[in-house]
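Colleague: Before I ask anything, here is the structure I am working with.
The values are calculated or read from the model by the stated rules, or taken from the named source; none is laboratory data. The structure displayed is predicted, hence computed values, not measured ones. Cβ placement follows ideal geometry from the backbone for every residue including glycine, while neighbour counts extend to all protein chains displayed.
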């Protein structure tokens, strides 16, 4: 029996691979086990939606060509891990959960470099092989970037970051009050078909659980909410003068907002998105999403409340909570998602 088939040394929980783990990860990868493979890197794709490596495994590990996926590049770069950490021709040992559906595919959490350093690609994980580690540590911003951000910040109108609020826990609930119709939708859900792993943007309300920075921009009669993930934008109308017939259903829906005791209150209707957010649950055209964005007294934190009402899918309104923090100097960067022809994620499983 090769090392590849050796009994796994330990079991890890879903949350140990980082706070707010993507539901697509646990749908596609067996998060209850960790495998190790050694070999030579033959190809690197340092682009969104995920960093990908291809590795020719050593003979003692089966000799196959492996495809490995890990954290998106902009997240790694913000935490001090650059594209140069792993290049073509490098011989490495890697560890992480294997694919549930495809052979020779895995999600990588640890990388052991030839010089003995270990790269930890997820926060909160202990090293496996070495105490000489390259860990994810949030990089400081320059004094110039900080000063510029402080000069332009105005209440909610600034860039907000999830990185400043790590440890909040998962945005999604463990259980949802589903109607019989909602249960039927979940029963036929297939992650291999219904979870998109390519560059198809997320819709409402799922996009609001992204781990990338967001920015509120004051445009007078409307607010533009810029979302780094997938280069998305939401428009929140502060003057609602459209008739029902003038509104076309869309991925982001139609959002109207007003100020209430300092909080931005938003209602979104006419949503035509693939699914609610949590794996398996889809919304009906009747869905209404109510949001409250509440900035704290020292303007360091933006608390977020979302309530989804959909009598077709849920027996009662569903409320979820999250937050962003202010990291002066943070900006919205281009996402530039690129499809990967021939990847496990771009072919039918």
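Colleague: I'm trying to understand the selection: among the residues of segment 85-101, which are in contact with a strand residue (DSSP E or B) (Cβ under 8 Å, 6 or more places away or on another chain) and either farther than 15 Å from residue 50 by Cβ or modelled with pLDDT under 90 (or both)?
Modeller: 85, 86, 87, 88, 89, 90, 91, 92, 93, 95, 98, 100
Colleague: Let me ask another. Restricting attention to segment 37-70, which residues are under 23 Å from the mean Cα position of the chain (by Cα) and under 21 Å from residue 129 (Cα atoms)?
Modeller: Correct list: 53, 68, 69, 70.
Colleague: Turning to a different aspect of this structure: Of (1) surrounded by 21 or more Cβ atoms within 10 Å (Cβ to Cβ); (2) in contact (Cβ under 8 Å) with a residue 40 or more places away in the chain; (3) under 19 Å from residue 120 (Cα atoms), residue 66 satisfies all except one. Which?
Modeller: (3)
Colleague: Let me ask another. Hey, could you check segment 123-137 for residues that are under 26 Å from residue 215 (Cβ atoms) and surrounded by 15 or more Cβ atoms within 10 Å (Cβ to Cβ) and say which is modelled with the highest pLDDT?
Modeller: That would be 136.
Listed here are the residues, each with its yes/no results for (1) at pLDDT 95 or above; (2) in the same structural domain as residue 151 (by TED's automatic domain parsing); (3) at positive phi.
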position: 242; (1), (2), (3): no, yes, no
position: 246; (1), (2), (3): no, yes, no
position: 265; (1), (2), (3): yes, yes, no
position: 278; (1), (2), (3): no, yes, no
position: 283; (1), (2), (3): no, yes, no
position: 293; (1), (2), (3): yes, yes, no
position: 309; (1), (2), (3): yes, yes, no
position: 339; (1), (2), (3): no, no, no
position: 342; (1), (2), (3): no, no, yes
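Colleague: Of (1) closer than 16 Å to residue 95 by Cβ; (2) outside any loop (DSSP other than H, G, I, E, B), residue 145 satisfies all except one. Which?
Modeller: (1)
Colleague: Quick check on segment 304-340: of everything there that is free of Cβ contacts under 8 Å to residues at least 40 places away in the same chain and not in a loop (DSSP other than H, G, I, E, B), which residue is surrounded by the fewest Cβ atoms within 10 Å (Cβ to Cβ)?
Modeller: Selected residue: 319.
Listed here are the residues, each with its yes/no results for (1) over 18 Å from the mean Cα position of the chain (by Cα); (2) surrounded by 18 or more Cβ atoms within 10 Å (Cβ to Cβ); (3) under 29 Å from residue 202 (Cβ atoms).
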position	(1), (2), (3)
32	yes, no, yes
35	yes, yes, no
72	no, yes, yes
75	no, yes, yes
83	yes, no, yes
87	yes, no, no
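Colleague: Is it the case that some residue within segment 102-114 is touching a residue at least 60 places away in the same chain (Cβ under 8 Å), exposed (fewer than 15 other Cβ atoms within 10 Å of the Cβ) and either touching a helix residue (DSSP H, G or I) at 6+ places or on another chain (Cβ under 7 Å) or in the same structural domain as residue 210 (by TED's automatic domain parsing) (or both)?
Modeller: no
Colleague: Ok, one more. Which residues, counting only those in segment 95-133, are assigned to a strand (DSSP E or B) and more than 22 Å from the chain's Cα centre (by Cα)?
Modeller: Of everything in segment 95-133, those that are assigned to a strand (DSSP E or B) and more than 22 Å from the chain's Cα centre (by Cα) turn out to be 112, 118, 133.
Colleague: When segment 169-183 is examined, which residues are found to be more than 22 Å from residue 249 (Cβ to Cβ), part of a helix (DSSP H, G or I) and either modelled with pLDDT under 95 or under 13 Å from the mean Cα position of the chain (by Cα) (or both)?
Modeller: The answer is 183, and nothing else.
Colleague: For segment 268-303, name all the residues that are touching a residue at least 24 places away in the same chain (Cβ under 8 Å), surrounded by fewer than 18 Cβ atoms within 10 Å (Cβ to Cβ) and in contact with a strand residue (DSSP E or B) (Cβ under 7 Å, 6 or more places away or on another chain).
Modeller: Scanning segment 268-303 gives 272, 290, 292, 294, 300, 301.
Colleague: So, one more: With assigned to a loop (DSSP other than H, G, I, E, B), over 23 Å from residue 277 (Cβ atoms) and either at pLDDT below 90 or not assigned by TED's automatic domain parsing to the domain that holds residue 117 (or both) as the only criterion, which of 80, 63 stands out?
Modeller: 80
Colleague: Now for a different question. So which residues in segment 134-156 are under 15 Å from residue 326 (Cβ atoms) and more than 24 Å from the chain's Cα centre (by Cα), if there are any at all?
Modeller: Once the filter is applied, which keeps residues that are under 15 Å from residue 326 (Cβ atoms) and more than 24 Å from the chain's Cα centre (by Cα), segment 134-156 yields 145, 146, 147, 148, 149, 150, 151, 152, 153, 154, 155.
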